[in-house]
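Below is one structure, written out as structure tokens, with a few remarks after it.
The values are calculated or read from the model by the stated rules, or taken from the named source; none is laboratory data. Remember, predicted model here, so these are calculated numbers, not experimental data. Positions of Cβ are backbone-derived with ideal geometry, glycine not excepted, and every protein chain shown enters the neighbour counts.
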Amino acid sequence: MKILWFTWKDLKNPFAGGAEVVNEELCKRLSLDGHEVILLTAGFKDSLREQIIDGYKVIRVGNRWSVYWQAYKYYKKHLVGWADLVIDEMNTIPFFCKYYVKEKNIIFVHQLCREVWFYQMPWFIAWIGYLAESTYLRLLNDRKVITVSKSTKRNLMRFGFKAENISIISEGIEMEPIENLENIVKFEQATILTHGSIRPMKRTHHIIKAFELAKKEIPELQLIVSGDASCSYGIKVLKLIQESVFSDSIKYLGRVTPEQKIELMQKAHLLCVTSVKEGWGLVVTEANSQGTLAIAYDVDGLRDSVINGETGVIVNPNTPQSLARQIKHVLVNETRNKQMSIRALKYSKKINFKNCYMMFLKALKYEDI
């Protein structure tokens, strides 16, 4: 096939994240199988206008905000009739390909924004975004959709998408899972890890509060925070760390290398994730693949990547107090901790790009797309 893929970020974009890793793997594998793929996406500082990456072509137009209009214009001028299939990737905002492309088209959704608007934007913009999302989801609910979790599928169905038109594919991770736990040596002191960009929707301050509460009962407890903290919220989190009565037991590492990330995920005793919502929760699967279970809030995506009581723990209600209680319960019960870690490692081995790609191909084989 010839596939034209509209998305606002490619993997080389400074704002790229887990979704872009998945996209890149899918595009690469499609190209290896002989399909032609064009990724039409946003430009960024010093980016190349056009680039061939692993066999697929990236065309960059506009920027983060203008890409939707510029992609439309570029398509109309250069790409009408080229593709057999158009993928409209909705990463917060869709490209509304349904209304102007001539080819068969589907939507690819990693996650919906929904309540994230109220954490990432001023309240007046948040309400506009929240209401707009509700509107355009209903405008697009006649499309076939590919997504990555049951949570997102349920949310799409709330807006009129038909269950039979929604395909769920596996996520994948770049990390190679360890063989077993036998050769993994944890930190000498019980250690919690939180990893990823420090943004309001990640609620990192909840983890700091939960750590402080848990440390009162587990004096040797340590916390490691890794990830970019350059935004205003990140600066506030760093201030909380500095002012904490247990600041000597909290280590902020900033952004870490892939090698450091693997080491941290192998040596930590627990990963804590308190996001408002996720598409899947790749950081959970990554930690699981290195022999570390996760304690996570009961939200979309995280309740998909964590099997509660089997591969980790889902906290409810989503409060620092509840999180602290679960941290204590898991760390005190070493036998249960190890059993869940073993199951988490086994489960993570199913979340790979081979399965992701095979499920993606199956989803594309709808005869009536």
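Exactly one residue out of GLU174, GLU133 is of a type in the set (Asp, Glu) and within 28 Å of ILE351 (Cα to Cα), and it is GLU174. Restricting attention to the range 15-45, the residues that are among the charged types (D, E, K, R), under 22 Å from the mean Cα position of the chain (by Cα) and within 22 Å of ASN63 (Cβ to Cβ) total 2.
Taking the range 154-164 as the range and being surrounded by fewer than 20 Cβ atoms within 10 Å (Cβ to Cβ) and without any contact (Cβ under 8 Å) to a residue 40 or more places away in the chain as the test, the residues that pass are ARG154, MET157, ARG158, PHE159, GLY160, LYS162, ALA163, GLU164.
Restricting attention to the range 331-369 and to residues that are surrounded by fewer than 20 Cβ atoms within 10 Å (Cβ to Cβ) and β-branched (Val, Ile, Thr), the residue that is farthest from PHE211 (Cα to Cα) turns out to be ILE369. Which condition number does TRP82 fail, the rest of (1) closer than 18 Å to LYS102 by Cα; (2) free of Cβ contacts under 8 Å to residues at least 40 places away in the same chain; (3) touching a strand residue (DSSP E or B) at 6+ places or on another chain (Cβ under 9 Å); (4) not in a helix (DSSP H, G or I) being met? TRP82 satisfies every listed condition except (2). Taking residues in the range 99-118 that are over 15 Å from ILE166 (Cβ atoms), and partners anywhere that are part of a strand (DSSP E or B) and basic (Lys, Arg), the pairs with Cβ atoms closer than 9 Å and at least 6 places apart or on different chains are GLU103/LYS2. Mind telling me which of the residues LYS73, LYS9 ends up being part of a loop (DSSP other than H, G, I, E, B), within 19 Å of PHE96 (Cα to Cα) and of a type outside the set (Phe, Trp, Tyr)? Checking each option against the conditions leaves just LYS9. Could we say that LEU26 is at pLDDT 95 or above, surrounded by fewer than 18 Cβ atoms within 10 Å (Cβ to Cβ) and more than 19 Å from PRO94 (Cα to Cα) here? No.
Pairs linking a residue in the range 227-248 that is farther than 16 Å from ARG199 by Cβ to a residue that is acidic (Asp, Glu) and assigned to a helix (DSSP H, G or I), with Cβ atoms under 6 Å and 6 or more positions apart or on different chains, are PHE246/GLU212.
Let me confirm something: among GLU176, GLU188, which residue is without any contact (Cβ under 8 Å) to a residue 60 or more places away in the chain and of a type in the set (Asp, Glu)? It is GLU188. Of all residues in the range 258-289, which are in a loop (DSSP other than H, G, I, E, B) and either over 18 Å from the mean Cα position of the chain (by Cα) or more than 22 Å from ARG336 (Cβ to Cβ) (or both)? ALA268, HIS269, SER275, VAL276, LYS277, GLU278, GLY279, TRP280, listed by residue number.
Pairing residues of the range 62-78 that are farther than 16 Å from ASP88 by Cα and outside the structural domain of PRO94 (by TED's automatic domain parsing) with residues that are part of a helix (DSSP H, G or I) and not polar (S, T, N, Q), at Cβ distances under 7 Å and at least 6 apart in sequence or on separate chains, gives no pairs at all.
What is the residue count in the range 88-105 for residues that are closer than 21 Å to GLY18 by Cα, part of a strand (DSSP E or B) and modelled with pLDDT of 95 or more? Total satisfying the criteria: 2.
Within the range 1-11, which residues are surrounded by fewer than 19 Cβ atoms within 10 Å (Cβ to Cβ) and at pLDDT 95 or above? Matches in the range 1-11: LYS2 only.
Just one of the listed residues (LYS150, LYS215) is of a type in the set (Lys, Arg) and touching a residue at least 40 places away in the same chain (Cβ under 8 Å), and it is LYS150. Among the residues here, GLU182 does not qualify as at pLDDT below 95 and within 22 Å of LYS362 (Cα to Cα). Evaluating GLU220 against the criteria (1) of a type outside the set (Phe, Trp, Tyr); (2) without any contact (Cβ under 8 Å) to a residue 40 or more places away in the chain; (3) part of a helix (DSSP H, G or I) leaves one unmet condition, (3).
Yes or no, residue by residue, for (1) outside the structural domain of GLU263 (by TED's automatic domain parsing); (2) within 30 Å of GLU133 (Cα to Cα); (3) among the aliphatic types (A, V, I, L, M):
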| site | (1), (2), (3) |
| --- | --- |
| GLU164 | yes, yes, no |
| GLU179 | yes, no, no |
| GLU182 | yes, no, no |
| ILE198 | no, yes, yes |
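Scoring MET90 on the criteria (1) touching a helix residue (DSSP H, G or I) at 6+ places or on another chain (Cβ under 9 Å); (2) surrounded by fewer than 21 Cβ atoms within 10 Å (Cβ to Cβ); (3) among the aliphatic types (A, V, I, L, M) leaves a single failure, condition (2).
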